[in-house]
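**Q** Sending over a structure as structure tokens; questions will come in a sec.
The values are calculated or read from the model by the stated rules, or taken from the named source; none is laboratory data. Values in this document were obtained by computation on a predicted structure and should not be read as measured data. All Cβ positions, glycine included, derive from the backbone under ideal geometry; neighbour counts span all protein chains shown.
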Amino acid sequence: MNLNLISGGYNWTVVRVTKRKQYLAALEAASSSYDIEPFTRFIIEEMKHWKKIETEMELDSEGENKE
């Protein structure tokens, strides 16, 4: 998955342990019935989550550098 994201110009992402069941269900739907929409939506939400965390960390770091 991450290789595909990176080769498409996106950042890699990590599936949170708390979201593992949702991830596996979405992956199963994509695999068994070729319905990739749940998997795609899930990955997009995970990417948004990690981007938010990354942005917050950058803002915290900028604040520390100003002091």
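**Q** Would you pick out the residues in the stretch 28-67 that are closer than 16 Å to MET1 by Cβ and either of a type in the set (Asp, Glu) or assigned to a loop (DSSP other than H, G, I, E, B) (or both)?
**A** Across the stretch 28-67, the qualifying residues are GLU28, ILE36, GLU37, GLU45, GLU46.
**Q** Residue by residue through the stretch 32-53, note down the ones that are without any contact (Cβ under 8 Å) to a residue 12 or more places away in the chain and either under 23 Å from ASN11 (Cα atoms) or surrounded by 12 or more Cβ atoms within 10 Å (Cβ to Cβ) (or both).
**A** Here is the first cut: in the stretch 32-53, the residues without any contact (Cβ under 8 Å) to a residue 12 or more places away in the chain are 32-37, 40, 44-45, 48, 52-53.
Within the stretch 32-53, ASP35, ILE36, GLU37, THR40, ILE44, GLU45, LYS48, LYS52, ILE53 qualify.
**Q** Taking the stretch 12-27 as the region of interest, how many residues are part of a helix (DSSP H, G or I) and either in contact with a Phe, Trp or Tyr (Cβ under 9 Å, 6 or more places away or on another chain) or modelled with pLDDT under 95 (or both)?
**A** Going through the stretch 12-27, the residues part of a helix (DSSP H, G or I) turn out to be 17-27.
Next cut, either in contact with a Phe, Trp or Tyr (Cβ under 9 Å, 6 or more places away or on another chain) or modelled with pLDDT under 95 (or both) only: 19, 22-23, 25-27.
Summing the residues that are part of a helix (DSSP H, G or I) and either in contact with a Phe, Trp or Tyr (Cβ under 9 Å, 6 or more places away or on another chain) or modelled with pLDDT under 95 (or both) in the stretch 12-27 gives 6.
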